[in-house]
Amino acid sequence: MEISFTGKQALVTGAGKGIGRSTALALARCGARVTAVTRTQADLNSLVQECPAIVPVCVDLADWAATEAALKDVGPIDLLVNNAACTKLQPFLEVTPDQFDLLFNVNVKAVLHISQMVAGGMKARGSGGSIVNVSSQASQRALRDHTVYCATKGALDMLTKVMALELGPHQIRVNSVNPTVVMTKMGHLGWSDPEKAQTMKSRIPLGRFAEEEDVVNCILFLLSEKSSMINGVALPVDGGHLAC
Ligand code: NAP
């Protein structure tokens, strides 16, 4: 299936590493003009070195005001990927308020905020558009030591549905991808212990973790016109984990 984003403007958050970086590069290869947002300047430098057409924006998405200031001049966006997220492993009884606030700020509140800015522009222009939120299997599966992360991704799935409901009439589609483990920086944090990894893999009918490319391909599909009647779904990219 050929997907072209020639003439489209895309914005990807968390584009410095992992799934977000691969998504930004894939979008650029498909012809989109890409704005890459993350908080580590060195990652943006290497990204622009790899793909000079990418426009870098360095901001900490946990900061509402700084995000607004950083993104106010990015111009019209047709395709938005809300990918940035963070996690911290804490047993439920040890969850701290600072981590609760940080994770909800980045994983949920920043998605709401950036989507308001981008979708507001789409609505005003009457251009329509497509938004993909990067959620997780953790939105629907309890994972030990992932209390707040699971809660943020559950919230993100419902945010996706309400956005789909309210933005659909403006021809703005909103969907999420919900991957299983991918061995990025974040993946290593939770799953580098071989015993834990094996237990998780044994629950995945396909018997393996996802690769970044597995997730990127689904994001590109949901952004593209090939999915023009899909709105409000949470698409598992999990080898069947959520099916059982
Ligand atoms: P990653 O390798 O840790 O990359 C996350 C990116 O987001 C990094 O560039 C990071 O920048 C950026 N970011 C984090 N907090 C930020 C903030 N406050 N402001 C701006 N940028 C920020 O993670 P990943 O595995 O690619 O995860 C991407 C998405 O997939 C996330 O939504 C995650 O929840 C989801 N997901 C991941 C897995 C997995 O197993 N990896 C599974 C399911 C879903 P810094 O490095 O500078 O902090």
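The values are calculated or read from the model by the stated rules, or taken from the named source; none is laboratory data. Keep in mind it's a predicted model, so treat the numbers as computed, not measured. Virtual Cβ from ideal backbone geometry, glycine too; neighbours counted across all protein chains shown. These accessible areas exclude ligands, DNA and RNA; they are computed on the full protein's heavy atoms, side chains included. Shrake-Rupley method; radii C 1.70, N 1.55, O 1.52, S 1.80 Å.
In the range 85-101, what residues are surrounded by 11 or more Cβ atoms within 10 Å (Cβ to Cβ), in a loop (DSSP other than H, G, I, E, B) and out of contact with any Phe, Trp or Tyr (no Cβ under 7 Å at 6 or more places or on another chain)?
Hits for the range 85-101 are 85, 86, 88, 89, 95, 96.
Condition check ((1) touching a Leu at 6+ places or on another chain (Cβ under 7 Å); (2) within 14 Å of the ligand (Cβ to nearest atom); (3) over 24 Å from residue 64 (Cα atoms); (4) at pLDDT 95 or above) across all residues:
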position: 122; (1), (2), (3), (4): no, no, no, yes
position: 126; (1), (2), (3), (4): no, no, yes, yes
position: 137; (1), (2), (3), (4): yes, yes, yes, yes
position: 142; (1), (2), (3), (4): no, no, yes, yes
position: 168; (1), (2), (3), (4): no, no, yes, yes
position: 172; (1), (2), (3), (4): no, no, no, yes
position: 181; (1), (2), (3), (4): no, yes, yes, yes
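Listed residues 92, 104; which is within 16 Å of the ligand (Cβ to nearest atom) and aromatic (Phe, Trp, Tyr)?
Numbers: 92 fails: within 16 Å of the ligand (Cβ to nearest atom).
After applying the criteria, what remains is 104.
Quick one: which residue in 55, 48, 59, 34 is within 11 Å of the ligand (Cβ to nearest atom) and modelled with pLDDT of 95 or more? Lay out the reasoning, then the answer.
Numbers: 55 fails: within 11 Å of the ligand (Cβ to nearest atom); 48 fails: within 11 Å of the ligand (Cβ to nearest atom); 34 fails: within 11 Å of the ligand (Cβ to nearest atom).
Sole residue among the options that is within 11 Å of the ligand (Cβ to nearest atom) and modelled with pLDDT of 95 or more: 59.
Hey, could you check the range 120-142 for residues that are open to solvent by 30 Å² or more (accessible area, probe 1.4 Å) and free of Cβ contacts under 8 Å to residues at least 24 places away in the same chain and say which is nearest to residue 243 (Cα to Cα)? Even if it seems obvious, please write down each step before you answer.
Here is the first cut: in the range 120-142, the ones open to solvent by 30 Å² or more (accessible area, probe 1.4 Å) are 120, 123-127, 140-142.
Retained after the next criterion (residues that are free of Cβ contacts under 8 Å to residues at least 24 places away in the same chain): 120, 124, 142.
Details: 120: 36, 124: 40, 142: 14 Å.
Taking the candidates together, the pick is 142.
Look through 187, 207 and report the one residue that is out of contact with any strand residue (DSSP E or B) (no Cβ under 8 Å at 6 or more places or on another chain), crowded, with 19+ Cβ neighbours inside 10 Å and within 18 Å of residue 141 (Cα to Cα). So that I can check it myself, show each step before the final result.
On the way: 207 fails: crowded, with 19+ Cβ neighbours inside 10 Å.
Answer to the selection: 187.
Looking for whichever is in contact with a strand residue (DSSP E or B) (Cβ under 8 Å, 6 or more places away or on another chain) and without any contact (Cβ under 8 Å) to a residue 60 or more places away in the chain here; the options are 28, 42, 10. Which one fits? Step through it out loud before you land on a result.
Details: 42 fails: in contact with a strand residue (DSSP E or B) (Cβ under 8 Å, 6 or more places away or on another chain); 10 fails: without any contact (Cβ under 8 Å) to a residue 60 or more places away in the chain.
The match here is 28.
Quick one: count up the residues across the range 47-78 that are open to solvent by 40 Å² or more (accessible area, probe 1.4 Å), farther than 23 Å from residue 129 by Cβ, part of a helix (DSSP H, G or I) and free of Cβ contacts under 8 Å to residues at least 24 places away in the same chain.
The number of residues fulfilling the criteria is 3.
Scan the range 221-231 for residues that are open to solvent by 20 Å² or more (accessible area, probe 1.4 Å) and either small (Gly, Ala, Ser) or outside any helix (DSSP H, G or I) (or both) and jot them down. Before the answer, list the steps.
Start the filter on the range 221-231 by keeping residues that are open to solvent by 20 Å² or more (accessible area, probe 1.4 Å), which leaves 221, 225-226, 228-231.
If the condition is that a residue be open to solvent by 20 Å² or more (accessible area, probe 1.4 Å) and either small (Gly, Ala, Ser) or outside any helix (DSSP H, G or I) (or both), then 228, 229, 230, 231 are the ones that fit.
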